[in-house]
1. Within region 31-66, take every residue that is under 15 Å from Trp82 (Cα atoms) and among the small types (Gly, Ala, Ser) and give me the one that is farthest from the chain's Cα centre (by Cα).
2. Kindly provide the set of residues from region 81-106 that are farther than 30 Å from Thr27 by Cβ and either surrounded by 15 or more Cβ atoms within 10 Å (Cβ to Cβ) or among the basic types (Lys, Arg) (or both), ordered by number.
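Laboratory data are not the source of any read-out in this text; all were calculated from the coordinates shown. Everything quoted here is computed from the prediction, not taken from an experiment. Positions of Cβ are backbone-derived with ideal geometry, glycine not excepted, and every protein chain shown enters the neighbour counts.
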Amino acid sequence: MSWQDYQQPQPPPYHYGGPPPTQNSGTATAALVLGICGFFVCPLICSIAAIICGNIALNEIDRSGGTITGRDMAKAGLILGWVGVALCVLAVLVIAGFIVWGVSIADDAGPYEYEYDTQISMIRAALNV
């Protein structure tokens, strides 16, 4: 007998072992990580990137035919991205509201009108009002 008679048996073909192994989508993981980073690191940019990655991951998972998983991570990243964008828009509106409120309240300055008047005129000149 030679050494060739003692070789390892060949693995069975694909159809004997069941379905192919599934793997998580890297894009779905990126969407989830970016969605979380959208709350702490760089709100608007990370949130928009999470929305884009989440949509790409959902399309990738749909086209894979069941071999790629991670739909829940992609959805979570997509939802966190939209929530992050909504919070950024809300923050901009609140800041703009405070600026408008501050300008309107400063018009009724009372005895300190001269100090506020110069500041209001500078703000109005900056805003072209």
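1. Top of the filtered list is Gly54.
2. So the first thing to find is which residues in region 81-106 are farther than 30 Å from Thr27 by Cβ, and the list is 93-106.
The answer is Val103, Ala106.
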